[in-house]
Amino acid sequence: MLNEIGVTQVTIPLPFRLNHVNCFLAEGERGWTIIDAGLNNEVSRDIWRPIIEKHDIKDIIITHYHPDHFGYAGTLQKLTNAEVWMTEIDAEAGLSYWEPESLTIVNKNYETCGLPENLSVVLTTDERSFNLQVKPYPTIHHYMEEGMKIVFGDYEYEVIFTPGHSDGLITLFNKDKSILFSTDHILPRISPNISYWFRGNRNPLQAFFTSLEKIKLLDVDFVIPSHGKPFRNANQRIEELLEHHHERLEQTYDYIKQPATIYEVNTKLFKNLNIHETRFAVGETLAHLEYLYLNNQCQKSIKDGTWYYECI
């Protein structure tokens, strides 16, 4: 299918359990366009080098600010002189999130989660390790907005704003062929991580639900994700994702029948995680707790510097 629409998938290995990211290459209106970049590391450099030697890259579209998509964008830009496109929300996040001042705030917020001794420092250290994998930062030339049209390969795509996994995540939709580049919004085998880390949208899970319903109205036939293989019938997968998170909300509610810290709930929802995965799990636990709180299904209070949630 990708060949039929004039698109080449560039799969870059990642050093995580989620072990790859799918980036894409196709001709645009001004020359060749790349969607997403991988981490700033030798693996990405070795994969992109022969590609950019053979193609005149004019534009780099970054679908959101997470390191596996954003990290190599600055280096790619330096090597190609391409212009970089992002949403304004995620451009601001990508250029600030891994800076020392930001990570100091993150560490202080971790300490309110009821984490065991020193775990907040370990989690922040893991987060700090991405600093080198996202620099040099790109210069953002264009802010992507809802409804913008982009030629990518043989077809034109509409930019659709689908926050949830990140506050400024975008997907790309072609109506004629019913094709969606779903980025990290809809994945075939796993649920995208939906996290809240005391910054940005207070209710990212609600944003994710709203974005899923938005895409559901399109009744997409062919889905091209950033992790995993392309698949058909977006609406079936959307229903599965909605069901998964509503089950998680029910579990979360059950775990706060008595006052509980964020970390206490986290350890019941998630098992057998490494440090990198624990950071995402804490963020996702908090997103579910905040959803319940903002929908008046629980209350929260702070005691001795730690947040406690309890169902109403």
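Some notes on this structure:
- Positive dipole terminus of the chain, leading residue within 89, 112, 204 (C-beta point charges): 112
- Net charge dipole size for the range 112-160 [Lys, Arg +1 and Asp, Glu -1 on Cβ; Debye, nearest 20]: 300 debye
- When the range 131-248 is reduced to its Cα atoms, the Kirkwood hydrodynamic radius in Å: 15.1 Å
- Rounded to the nearest whole Hz, the Karplus-based 3J(HN,Hα) values (6.51 cos²θ - 1.76 cosθ + 1.60, θ = phi - 60°) of the range 114-124 follow the sequence x, 6, x, 3, 6, 5, 4, 5, 5, 5, 5, with x at glycine and proline.
- When 88, 145 are compared by accessible area at a 1.4 angstrom probe, the order from most to least is 145, 88.
- Residue-normalised accessible area of the range 13-86, given per residue in Å² at a 1.4 Å probe: 40 Å²
- When both the range 156-189 and the range 51-65 are represented by their alpha-carbon centers, they are found 18 Å apart.
- Sulfur and carbon atoms: percent of accessible area, the chain [1.4 Å]: 48 percent
- Dipole magnitude (debye, nearest 20) for the chain, charges at Cβ of Lys, Arg, Asp, Glu: 480 debye
- Among (1) 20.9, 66; (2) 19.6, 61; (3) 21.9, 67, the entry derived from the coordinates for Rg and Dmax of the Cα atoms in Å: (2)
- Helical content alone sets the calculated 222 nm signal of the chain at -11500 deg cm²/dmol, taking -39,500 (n - 2.57) per DSSP H segment of four or more residues and averaging over every residue.
- Sequentially through the range 186-202, phi angles give Karplus couplings (6.51, -1.76, 1.60; θ = phi - 60°) of 10, 10, x, 10, 10, 7, x, 5, 10, 10, 10, 10, 6, 8, x, 4, 5 Hz, Gly and Pro residues having no value and appearing as x.
- Surface exposure of the range 127-195, expressed per residue as accessible area with a 1.4 Å probe, stands at 41 Å².
- For the chain: relative contact order, % (alpha-carbon pairs under 8 angstrom, 6 or more apart): 15 percent
- Using the alpha-carbon positions of the range 15-129, Rg (one decimal) and Dmax (whole number) come out as 16.7, 54 Å.
- Which of 96, 120 is most accessible, then next, and so on - probe 1.4 Å: 96, 120
The values are calculated or read from the model by the stated rules, or taken from the named source; none is laboratory data. Just so we're clear, the structure is a prediction, and the values are computed from it rather than from any experiment. Cβ sites come from the backbone with ideal geometry, for glycine too, and all protein chains shown count toward neighbours. For accessibility, only protein heavy atoms count, side chains too; no ligands or nucleic acids. Shrake-Rupley method; radii C 1.70, N 1.55, O 1.52, S 1.80 Å.
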